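Notes follow once the structure below has been shown.
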Amino acid sequence: MAKQNGKLASFFADRLTLPEEIIFGQSEAMQAVRRTVERTSTASVPVLILGESGTGKEIISKEIHRRSPWSQGPFVKVSCPAIPGTLLESELFGYEKGAFTGAWSTKPGRVEMAHCGTLFLDEIGEMEMSLQAKLLQLLQDGQFSRIGGQQDCQVDVRIICATNRKLEAEIAAGHFRRDLFYRINVVTINLPALRERSVDIPQLANHFLQAYSQRHNRPARPFSREVLQLLCQHTWPGNIRELENCVARYLILGSEEAIYNELSQKRVGPIPIEVAEDGSIPLKRIAKQAVREMERSLILRVLQANHWNRRKAAAVLKISYRALLYKIREAGLPRKRAQSAEKKAPNPPDLAGGNDVVIPTE
């Protein structure tokens, strides 16, 4: 078990590096992000990146760093929720020898490590109020003091913050300082959710497939048109991170049917209600959408139960063979059962580098 966990940790620690054309894609929303990044990178101002988990906030922060005058300096990341509040201050600002029990020597913090570079504060919305005041001082004059220190230290650091929380609501609830909010959002970048940039999904999916295939020397069949259509229709609550893991699973299992099973199960749920500008709710359109979703799920289950024999499935559903073919095409399902890539590539090398196959999870 320890060996398998180690492989899994290694798999996720080495995330793929995305080229610029993949990061920004073709959607208008991401092209707007690209323009903001280009204008902001060279300016010595704090940047606040907003977006759901998995939308690529850290990737955009690294892109800003790469384009900035601080690109030769270090890029230092601090995950605020990953470090308990009592330890986050010492992790950020360091401490002097004898500052507390166990402080046997002086230790510099992440702020000092980021001198002449970029400090990335991930999920800053979860930072405790007491520590926010000390961060505010750093933003105001570039000075801070180590725990137990008697003198202020001066640093030259570019600060980029990110959060998936609504900071205005956190301020209203008394969980975030208003003056700090105004300091960190000199420039704000809003990253769209993956479902809002579905035009970029085929490009992202194919990039992940080729990159993982080359990295692990594991052959993979290209996605079919039907699978790409299904990927574009999925809502992706985990955003780009979920898509990447889905592609990794496909590479391991070698079957498009696994993707159909997984995404079809995730699609079960309430149909989103679209409210028109005049406040009306298009009941007929919503009802048709609900029927399509139910039909799609039922047809997929019947096809699977009959080993993808479409004539038997049509008989079970009591519709004609031609009608079933039409509904399969309309629902974006494959015309026949997806073949496993394992049959075309016998004895492929293990993705994790050992004898055990590790399937990544979100």
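Bear in mind these aren't lab numbers, they're just calculated from the coordinates by the rules spelled out. These numbers come from a predicted model, not from an experiment. Here the Cβ is made from the backbone with ideal geometry for all residues, glycine too, and neighbour counts use every protein chain on show.
Of the cross-linked pairs Lys166/Lys327; Lys134/Lys166; Lys107/Lys166; Lys57/Lys288, which ones have a Cα-Cα span greater than 31 Å in the structure shown?
Lys166/Lys327; Lys107/Lys166; Lys57/Lys288
Fewest to most neighbouring Cβ within 10 Å: what's the order for Lys288, Lys134?
Least to most surrounded, the residues fall as Lys288, Lys134.
With a cap of 13 neighbouring Cβ atoms within 10 Å, and only residues DSSP puts in a loop, list the trypsin sites (Lys or Arg not before Pro) found in the range 140-197.
Lys166
What's the local net charge at Glu28, with K and R +1, D and E -1, over the other residues with C-beta under 11 Å away?
+1
Using Cβ counts within 10 Å as a stand-in for footprinting exposure, how do Met127, Met294, Met113 rank, fewest first?
Met294, Met113, Met127
Quick check on the exposure proxy: order Thr55, Thr42, Thr106 from fewest to most C-beta atoms within 10 angstrom.
Lowest count first: Thr42, Thr106, Thr55.
With a point put 7 Å past each Cα toward its Cβ, work out how far Thr101 is from Leu131 in nm, to one decimal.
2.2 nm
Considering the range 85-190, what Rg and Dmax in Å follow from its alpha-carbon atoms?
14.2, 43
Return the distance in nm (one decimal) between the two label points of a simple spin-label model at Lys288 and Arg39, each offset 7 Å from Cα along Cα→Cβ.
Taking the simple label geometry, Lys288 and Arg39 are separated by 4.1 nm.
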